[in-house]
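Here the structure comes first, spelled out in structure tokens, and everything after it is commentary.
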Amino acid sequence: MTSHNPEPSAASDRLMRARQRRANRMLTQLRADEREVFLEDLARLVMPGFDLYLRLLLAGVLIGVGFRLDQRALLAAGVLVAPLMAPVVGLALASVSGSARFFLRELGSLAVGFALLAIAAGLSGGLGFPAGESSILAAGHVKLNLIDFALLIGGSIVLALVLARRSQVSALASVAVGYELLLPLGAAGIGFLSADPDMWRGALLTFGLHLTWAILAGMGTLVVLGFRPLVGGGRSLPVAVVLIGVMGLLSAIGLGASVIAAAPTPTPTPTATPTATATGTSTITPTATRTATATRTPTPTATETGTATPLPPRAIVFGGGDAGVILRDAPNGNLVAGVFHGMDLEVIGGPQSEGEQVWWQVRTADGQEGWLLGTYMATVTPTPTPAN
């Protein structure tokens, strides 16, 4: 009686291998029922489980602490701890196949998981963070970057390719996609908890664009490999058209918003503060002292007072560690550049109080101007030196 069991299992294994080989050649060569079974197998493979939420929570904590301490090693650990980005390619598969229920399940799972990561990163990296201060590493994930975009697209294509050809989720490609999705999301959580609107808005926009383009890249790869809507279902084709249209619309809206968000950034650079310092120099009115010199001969004293030209005081960046300190276009304003410990500065304005913090306007050796917290400057008191 037991001799009949191995034969059906061996036959089914051969059938599955043959079906896989046919699917690898071209999915459109499969019959409708075979194609539906193959897509269901892939759907089960990319469907997230409960471990997705636990691992995203842990990844959020590591990413938040990494941003707070400006430690890239913790950021890398957070990306490695995170689950595989199979649900991202699952959204692409659902869009191409035209399964609205599958798409909504994947999207809902990802939305909950990503929200948990943002909350964990915000609590561990942004809660209690001093106002006006932020991580330089987090600020690096606020704007779009061509290299990051290329890494995201490449990882998404490999994810879809390996899923379709081998019915597997590539771990290396998943790390690349996770790096481009999770770090901007963690920066958005930190910016929200630390009350930095520029950071959380820019990071959230970057995350949304990265997610949309990752799905679009996966969709394009699956279409090239022969994935088509399950037209036998009756509604899969229009659903696929709608989902693809929604993805394209979201990417267009995101790109437009990124262009608009990037446009105002050059405007703060022409600051009016240098003109104010020029008017300050004109307050030294040696012309009024010349009327006194006409009465008697104490002309040497008049020349001494007239030639006393106060030079802008110097300062040195103190503290900040290897990550440096953020230079802003205004007190608690947007990021301009990063300055590092020991860097020589020229004080050109201030002090200006914002709450319990004191800000000074400085100029770097290469001419970059901005505002810096007084707690990160070694010397800020003016020291006029009389000229000979």
Quick check for you: with a 1.4 Å probe and neighbouring chains kept, what is the accessible area per residue of the range 116-230, in Å²? 39 Å²
Expressed in µm² per second, the diffusion coefficient of the range 60-191 from the Stokes-Einstein equation, with Rh the Kirkwood radius over alpha carbon pairs, at 10 °C and 1.306 mPa s, is 103 µm²/s
How much solvent-accessible surface does TYR53 expose, in Å² to the nearest 10, with a 1.4 Å probe and all protein chains in place? 50 Å²
Portion, in percent, of the accessible area of the range 78-224 that falls on carbon or sulfur, probe 1.4 Å: 73 percent
Measuring from label point to label point, each 7 Å out along Cα→Cβ, what is the GLN368 to VAL112 span in nm? 4.4 nm
Take the Cα gyration tensor of the range 141-207, multiply each eigenvalue by 5, square-root it, and list the three semi-axes largest first, rounded to whole angstrom. 29, 11, 7
Report LEU211's accessible area, 1.4 Å probe, all protein chains in place, as a number in Å² to the nearest 10. 30 Å²
The answer for GLY350, listing residues at least 5 apart or on another chain whose modeled amide H is closer than 5 Å to its amide H, is GLN361
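The values are calculated or read from the model by the stated rules, or taken from the named source; none is laboratory data. Not measured: the values here are computed from a predicted model. Reconstructed Cβ throughout: ideal geometry from the backbone, glycine too, with neighbour counts over all protein chains shown. Areas reflect the complete protein model, heavy atoms only, side chains present, ligands, DNA and RNA absent. Shrake-Rupley method; radii C 1.70, N 1.55, O 1.52, S 1.80 Å.
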